[in-house]
Amino acid sequence: MPSLTLAEIAALLHVPTPPGLGDRAMTGMATLAEAGPGDLSFLGSDAYLKQFAATKAGAVIVQKRVKLPRDGVHTPVFVVDDADLAVAKILEHFAPPVPRPPVGRHPSAFVAPSTSVGDGARIGFNVFVGDDCRIGSNVVLHPGVHVGANVDIGDDCELFPNVVLRERVRLGKRVVIHASSVVGTDGFGYRWDGTRHAKVPQIGTVVIEDDVEVGSCVCIDRAKFGTTRVGRGTKIDNLVQVAHNVVIGPHCIIVGQAGLAGSVTLGAGVVLGGQSALRDHITMGDGSMVAGCAGVAEDVDPKMIVSGLPALPHRQSLREQAALRRLPDLMAQVRKLQEELEQLKRSHT
Amino acid sequence: MPSLTLAEIAALLHVPTPPGLGDRAMTGMATLAEAGPGDLSFLGSDAYLKQFAATKAGAVIVQKRVKLPRDGVHTPVFVVDDADLAVAKILEHFAPPVPRPPVGRHPSAFVAPSTSVGDGARIGFNVFVGDDCRIGSNVVLHPGVHVGANVDIGDDCELFPNVVLRERVRLGKRVVIHASSVVGTDGFGYRWDGTRHAKVPQIGTVVIEDDVEVGSCVCIDRAKFGTTRVGRGTKIDNLVQVAHNVVIGPHCIIVGQAGLAGSVTLGAGVVLGGQSALRDHITMGDGSMVAGCAGVAEDVDPKMIVSGLPALPHRQSLREQAALRRLPDLMAQVRKLQEELEQLKRSHT
Amino acid sequence: MPSLTLAEIAALLHVPTPPGLGDRAMTGMATLAEAGPGDLSFLGSDAYLKQFAATKAGAVIVQKRVKLPRDGVHTPVFVVDDADLAVAKILEHFAPPVPRPPVGRHPSAFVAPSTSVGDGARIGFNVFVGDDCRIGSNVVLHPGVHVGANVDIGDDCELFPNVVLRERVRLGKRVVIHASSVVGTDGFGYRWDGTRHAKVPQIGTVVIEDDVEVGSCVCIDRAKFGTTRVGRGTKIDNLVQVAHNVVIGPHCIIVGQAGLAGSVTLGAGVVLGGQSALRDHITMGDGSMVAGCAGVAEDVDPKMIVSGLPALPHRQSLREQAALRRLPDLMAQVRKLQEELEQLKRSHT
């Protein structure tokens, strides 16, 4: 189990070591309520001061703006400017290794003879790899992964159990895809031919660039023709739908259950909130953001934030919502005006 | 095939046996329209009286408040106070057994030598169980299930095909997880470091308590640190997203496609409607409810019902919606008021 | 690789062959920006005229209404009335074959002895087929597919990797189900018995009729009793939830992440937009449509279009949204009216 002394933690966070306690060893992180004497914890806001007072944590990272009790604290603290960053640094040291198949190929796996496999690759239990694939160095294919024919997987990619890559998909380097996601399903395209929805063949592919991470149960469909593309460094949460011919720029963040309809284009650094939805052919400018649950039906300018259903510029959306809160009152006011005016007219005649 | 006589049905429902028909055997349940002479059916409201008149069902459970024709009925009936409860009781008797792998281990399955397996466990075709797991008694692992290292599965759990439990997840007793769900994916956490979204390690785990049932294609992510928790007796429908560090209380009901963002807390007996969404760090009090499609952005008090986007107390939401229905009319009224006032001012001067 | 000469393309589209270029061979389709000399491309609107001027495509299908430059074009064009239809026709010729397991049974697959398998069926790596199933002729079961006991799969069906069909499900002919979808999970039904949510047995099944196509990570639950049904020719996109006892008519289109709650009934040719949601027991008339993100809480008449949350007839929804856009202004107008009236009253007395 990984372990850090308080002196090591202080060094990592560039703060003083609690006097006399430099040798105390921490073996994990826990919330204030759950932490034991071997755990580091953290206190990010005044709201948790009660829990802090009662915690059994061996030491606590404290956000500078939190007002600690003046009469001292019962546990050593590390006061930091950015508690989130401090926690992220510590977690890197406590992260237990991910269990992986050993280097080589499990005897139950199938790898087509025409496929090339790089050095250091780990091909797990019951993995299937079709014809003419290129599997890079140090790639990890966890149990039950399916790789269709003619797929490229760059160096250092990791596919978790039961991921499906359909034929002709290409992954860059260091791409991570979590369990049970599917890349390369046919795009959803039909034409009514008078008697039935005739399938429009979906002959394109999917390219996922370097350093993308994709959650679980995500669907990224192949293009009608050409390429559905996920830009480098983009991160996609669970249960997201990426339809055919979507082009996602670099370093986007797409939160759980968001849906991108066909041919949507995202610029660089776009953020889509949870359960947000983008109509087909929408373009989102660089650095634009969509709030959770919003439904976007028009292009969004760079750096613009939109919210609501239908999505509007966020300030406008807030103003309309505030007005809607007062609408029942407004109706009463209008009724009153009508009555007063009526009265005035009667008295006037 | 299971079978019940009308006398047995009458006994189960605590109602009289149809005279002279106690030996008639029913072998299933069907809707009024689909039922044949061997089927029991049910009539829950007056809206289905026409279908009742035409049914070929061998017998019909009838909700007491339904007004049956005065001139008699052509099929034996069981009049009950609570038709839903009556149907549930009967279904238990007609339920065919779920096909399961035999007790023991299928030769194609992999179980790490360091893992312990309880008596009566059924480990199916192509199941993978990693190192140092504890598989309880009578656990059923259907084909293709993946169990990562250091996982605890309590007695009498059942995991349907292709379920993935990542490392260090813990299940209580009698937990049921339906096909293709994933428990223990990394939570979705990154920090922009100036050039890229740096991954925040997700070193926590997931605990699912006794008697939880989880639908298909559900994602329950591991905590950043500490525990993502699903309380005992909670039931989760298909395609639900449960993000890192969510804590769900006991006996909650979470309907299909709902989404719980990071660190959401649900009290006991909370109900989340289909496609509802909860912003991160929201707390829902005991017995509170979220209507389908609602988007919750603020804490919800115990027993409160909220609806709409953004979610509001349900009465307020209804009042605002009613006002919104009349808003186009209100605009016309205000225009008319303006004109009348204008006229009055002119006549007044 | 499939290839078409410009003469062949002209014949397919019923337009003239570009003079002197009938022998030029095209081997694929690409967007104007991505196309090379061996690619056919297409130009559907004036918005892409700049890309057209710069394209390296070997030939371009052009929608008739597009205004091509008068001084000629640098690449051969096929001017057509319906560019989408033309593209669909061409894609059928360029579609590369889907890699499939060979006819027969992979040695790693398990097929129960009591199951019958039709001529020409392809049973891939690690497929599981339970007892007493009927697998039709030419059925394709890709790697990792799970077929529970007593399942019927009609001729010419294709199930992509890791699809799960639970016991007693029935598929018609030519049904396609994409990777990781699950058919036949228990419907979500419980009764609070005073201490817990008691499970209501879900003893029904699922029938999917001829020519249905289902996307990836879709969940179609078995009926409480009777049948959850998907009508012939219906097409379902990814991540859709179809709850127990839903009845979907023929030739419906259900876009990604839509959710149909229990006992919803769709007529023929119904269209559900992406992320739309239908409350339980709703009936949608033939040819009705639900806009993306809409939440339907009441029955919808045939051919009616509804939108919004809650869903309203589309015109009404648009009118209310337009009014809502002007609501902040309306409030200002009412305040002004109040002041003017006040003034008038004062001057009047």
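Across the identical copies, the label point of residue C:119 (7 Å from Cα in the Cβ direction) is separated from its matches by 5.3, 5.3 nm, in order from shortest.
The phi-based Karplus calculation (6.51 cos²θ - 1.76 cosθ + 1.60; θ = phi - 60°) puts the 3J(HN,Hα) values of the range C:14-23 at 6, 10, x, 6, x, x, x, 10, x, 8 Hz, whole numbers, x for Gly and Pro. All other residues whose Cβ lies under 11 angstrom from that of residue A:347 are scored, Lys and Arg at +1 and Asp and Glu at -1, for a net of +1.
Roughly what % of Cα-Cα distances in the protein assembly as shown sit above 40 Å, to the whole percent?
Value for the protein assembly as shown: 48 percent of Cα pairs lie more than 40 Å apart.
Kindly tabulate the residues in the range B:279-304 with an accessible-area decrease of at least 50 Å² between the chain alone and the assembly of all protein chains, using a probe of 1.4 Å. Residues of the range B:279-304 that lose at least 50 Å² of accessible area once the other chains are added: B:293. Over every Cα atom in the range C:216-349, the radius of gyration and the widest Cα-Cα span, Dmax, amount to 21.6, 76 Å. Each other residue within a Cβ distance under 12 Å of residue A:218 adds +1 if Lys or Arg and -1 if Asp or Glu, for a net charge of -2. Only the Cβ atoms of Lys and Arg (+1) and of Asp and Glu (-1) were treated as charged; on that basis the dipole of the protein assembly as shown about its Cα centre amounts to roughly 1760 debye. A dipole drawn for the protein assembly as shown from +1 and -1 charges on Cβ atoms has a positive end, and of B:9, C:159, B:276 the residue lying farthest that way is B:276. In the range C:169-269, the DSSP beta bridges split such that about 10 percent are antiparallel, to the nearest 5. Interface between chains B and A: roughly 5000 Å² of accessible area buried, both sides summed (probe 1.4 Å, protein heavy atoms only).
Just flag the trypsin sites (Lys or Arg not before Pro) in the range C:1-104 sitting in loop per DSSP whose Cβ has no more than 14 other Cβ atoms within 10 Å.
On the way: sites: C:24, C:50, C:56, C:64, C:65, C:67, C:70, C:89; in loops: C:24, C:56, C:64, C:65, C:67, C:70.
Loop-located and lightly packed - C:64, C:65, C:67, C:70.
Please get the size of the charge dipole for chain B, origin at its Cα centre, with Cβ charges of +1 on Lys and Arg and -1 on Asp and Glu, quoted in debye to the nearest 20. Numbers along the way, then the final one.
On the way: 35 positive and 36 negative charges, 158 e Å.
So the magnitude is around 760 debye.
Averaged over residues, the count of other Cβ atoms within 10 Å places the peptides A:38-47, C:98-107 in the sequence A:38-47, C:98-107, highest first.
Distance between the C-alpha centres of the range A:239-275 and the range B:81-144: 38 Å, rounded to the whole angstrom.
Could you check what % of the DSSP bridge pairs in the range A:78-207 are antiparallel, to the nearest 5? Display every interim value, and only then the final one.
Working: 3 of 26 bridges.
So the antiparallel bridges in the range A:78-207 amount to around 10 percent.
Read phi for every residue in the range A:53-59 and hand back ³J(HN,Hα) as whole Hz from Karplus 6.51 cos²θ - 1.76 cosθ + 1.60, θ = phi - 60°, with x for Gly and Pro. In residue order, the calculated couplings are 4, 9, 5, 9, 4, x, 6 Hz. Taking every residue in C:326-335 and counting other chain Cβ atoms within 10 Å of its Cβ, the average works out to 6. Surface analysis of the protein assembly as shown yields an accessible area of 40 Å² per residue, using protein heavy atoms and a 1.4 Å probe. Taking amide H as placed 1.01 Å from N in the peptide plane, the amide H of residue A:131 sits under 5 Å from that of A:149, A:150, each at least 5 places away or on another chain.
With contacts defined as alpha carbon pairs under 8 Å and 6 or more residues apart, what's the relative contact order of the range A:145-207 in percent?
Reported as a whole number, the value is 29 percent.
Overall size of the range B:110-156 from C-alpha positions, given as principal axis extents largest first: 20, 19, 14 Å.
Averaged over the residues of C:97-103, the number of partner chain Cβ atoms lying within 10 Å of the residue Cβ comes to 3. What helices does chain B have that are whole DSSP H segments, at least 27 Å long along their own axis by Cα, and with mean Kyte-Doolittle hydropathy of -1.0 or more? Those that pass (Cα extent of 27 Å or more, hydropathy at least -1.0) are B:327-348.
Among the protein heavy atoms of the protein assembly as shown, carbon and sulfur supply 53% of the accessible surface, probe 1.4 Å, non-protein parts ignored. Around the amide H of residue A:265, modelled in the peptide plane, lie the amide H atoms of A:247, A:282, A:283, A:284, all under 5 Å away and 5 or more residues distant in sequence or on another chain. Each DSSP beta bridge with both residues in the range A:104-316 is either parallel or antiparallel, and the antiparallel ones are about 10%. If the cut-off is 22 Å between C-alpha atoms, which lysines fall inside it for residue B:303, apart from same-chain ones fewer than 8 positions away? Of all the lysines, those that pass the test against residue B:303 - Cα under 22 Å, at least 8 places apart if same chain - are B:235. Within the same chain, lysines fewer than 8 places from residue C:67 are excluded, and of the rest, those with a Cα less than 21 Å from its Cα are C:50, C:56. For residue B:48, the solvent-accessible surface with a 1.4 Å probe is about 110 Å², rounded to the nearest 10. Backbone geometry of the range A:75-80 corresponds, through the Karplus equation with coefficients 6.51, -1.76 and 1.60 at θ = phi - 60°, to 3J(HN,Hα) couplings of 9, x, 10, 10, 8, 10 Hz, x marking Gly and Pro.
Which trypsin sites (Lys or Arg not before Pro) does the range C:113-201 hold that lie in a coil by DSSP with at most 12 other beta carbons within 10 Å? Can you show the working numbers first?
Values: sites: C:122, C:134, C:166, C:168, C:170, C:173, C:174, C:191, C:196, C:199; in loops: C:166, C:168, C:173, C:174, C:196.
Passing sites in the range C:113-201 do not exist.
Only four residue types carry charge here, +1 at the Cβ of Lys and Arg and -1 at the Cβ of Asp and Glu. Report the dipole size of the range B:44-119 about the Cα centre in Debye, rounded to the nearest 20. Please report the intermediate quantities before stating the final value.
Working: 9 positive and 7 negative charges, 47 e Å.
That gives a dipole near 220 debye.
What is the Cα centroid distance between the range C:307-349 and the range A:9-50, reported in whole angstrom? So the separation of the two Cα centres works out to 56 Å.
Comment: the Cα-to-Cβ extended label point of residue C:67, at 7 Å, lies 6.9, 6.9 nm from its counterparts in the other copies, nearest first.
Radius of gyration over Kirkwood radius for chain B, both on Cα atoms: the Rg/Rh ratio is 1.14. Using r as the Cβ-Cβ distance of residue C:326 and residue C:283, and R0 as 30 Å, what FRET efficiency do you calculate, to the nearest 0.05? Rounded to the nearest 0.05, the efficiency is 0.30. Taking the helices alone, the protein assembly as shown has a mean residue ellipticity at 222 nm of -5500 deg cm²/dmol, built from -39,500 (n - 2.57) per DSSP H run of at least 4 residues and averaged over all its residues.
The values are calculated or read from the model by the stated rules, or taken from the named source; none is laboratory data. Every value quoted in this text rests on a predicted model; they were computed, and no experiment measured them. Heads up, the Cβs are rebuilt from the backbone with ideal geometry, glycines too, and the neighbour counts pull from every protein chain shown. Ligands, DNA and RNA are excluded from the accessible area calculation, which covers all protein heavy atoms including side chains. Shrake-Rupley method; radii C 1.70, N 1.55, O 1.52, S 1.80 Å.
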